[in-house]
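Engineer: The following block contains the structure, expressed as structure tokens.
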Amino acid sequence: MRIVKIRSVLYREAFRYYVNGNHMQACKHQIITKCNTYIKAGIPLVDSMEILARQAKKKKRKDLYIRIVSDLNMGITFSDSLYKQGNVFPKMLINMLKTSELTGNLTEILDEMAVYYKRADSNNKQIKNAMTYPSILLVFAIAILAFVIFWVVPSFTSMNLRYSRLSFFCS
């Protein structure tokens, strides 16, 4: 029973991951991997987030990292800091980080979450690629059907009416 609940929560979270299109969704696994690499190298969490802020090219992302760094400097936990950012980070990631803060295995959790989001990105790309061809076929089928209904059928109808009048005069 418990496994089913966990799976349903993961599926719901994965669905939210695909549906919510904010600016952090596409490269979440890269961010987590970079942060984890810095932490494994012995760089403190605050400094690793500052490095990510300096490396960020987009202003939104840079501001996000700066807000996280300021929260961490004020003594707020990493998971609470991510939670304060709104819907940028999924609840599953925040809860996993909260658990890792309690157990002390942040790097292992970050590794697992990076793999999870990388797999989710890969699945998302595969789904989009798989749906492209059928979508194109559907558009062409609708266009051909519309052409037949609005152009070919009326021309046959008018032709049939003309020939039915002719056959009446000939008999």
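What follows draws every value from the coordinates through simple rules; no lab data is involved. From a predicted model like this one, the values you see are computed outputs, not experimental measurements. Backbone-built Cβ (ideal geometry, glycine too); neighbour counts: all protein chains shown.
Engineer: Modelling each spin label as a point 7 Å along the Cα-to-Cβ direction, I'd like the Gln55/Ser135 distance in nm, to one decimal.
Structural biologist: Spacing of the two 7 Å Cα→Cβ label points: 3.1 nm.
Engineer: Kindly flag which residue pairs out of Lys40/Lys84; Lys84/Lys118; Lys34/Lys118; Lys40/Lys98 have an alpha-carbon separation exceeding 22 Å in this structure. Could the numbers behind the result be given before it?
Structural biologist: On the way: Lys40/Lys84 25 Å; Lys84/Lys118 24 Å; Lys34/Lys118 13 Å; Lys40/Lys98 18 Å.
Exceeds cut-off: Lys40/Lys84; Lys84/Lys118.
Engineer: Now, a different point. Considering only Asn105, Met159, Tyr117, whose Cα is most displaced toward the positive end of the charge dipole of the range 63-171, charges sitting on Cβ of Lys, Arg (+1) and Asp, Glu (-1)?
Structural biologist: Farthest towards the positive end: Met159.
Engineer: Relative contact order for the range 78-171: what percent, with Cα pairs under 8 Å and sequence separation of 6 or more?
Structural biologist: Taking the mean separation of contacting Cα pairs over the length of the range 78-171, I get 14 percent.
Engineer: Under the 0.36 nm per residue contour assumption, what length would be gained going from the current alpha-carbon distance of Asn160 and Asp47 to full extension? Before the final figure, lay out each step's value.
Structural biologist: Values: separation 113, 0.36 × 113 = 40.68 nm, distance 8.13 nm.
Here the segment from Asn160 to Asp47 would lengthen by 32.5 nm.
Engineer: If each of Thr103 and Gln126 carries a label point 7 Å out from its Cα toward its Cβ, how far apart are those two points in nm?
Structural biologist: 2.7 nm
Engineer: Separation between the Ile39 and Asp80 pseudo-spin-labels, each 7 Å from Cα along Cα→Cβ, expressed in nm?
Structural biologist: Placing both labels 7 Å along Cα→Cβ, they lie 1.7 nm apart.
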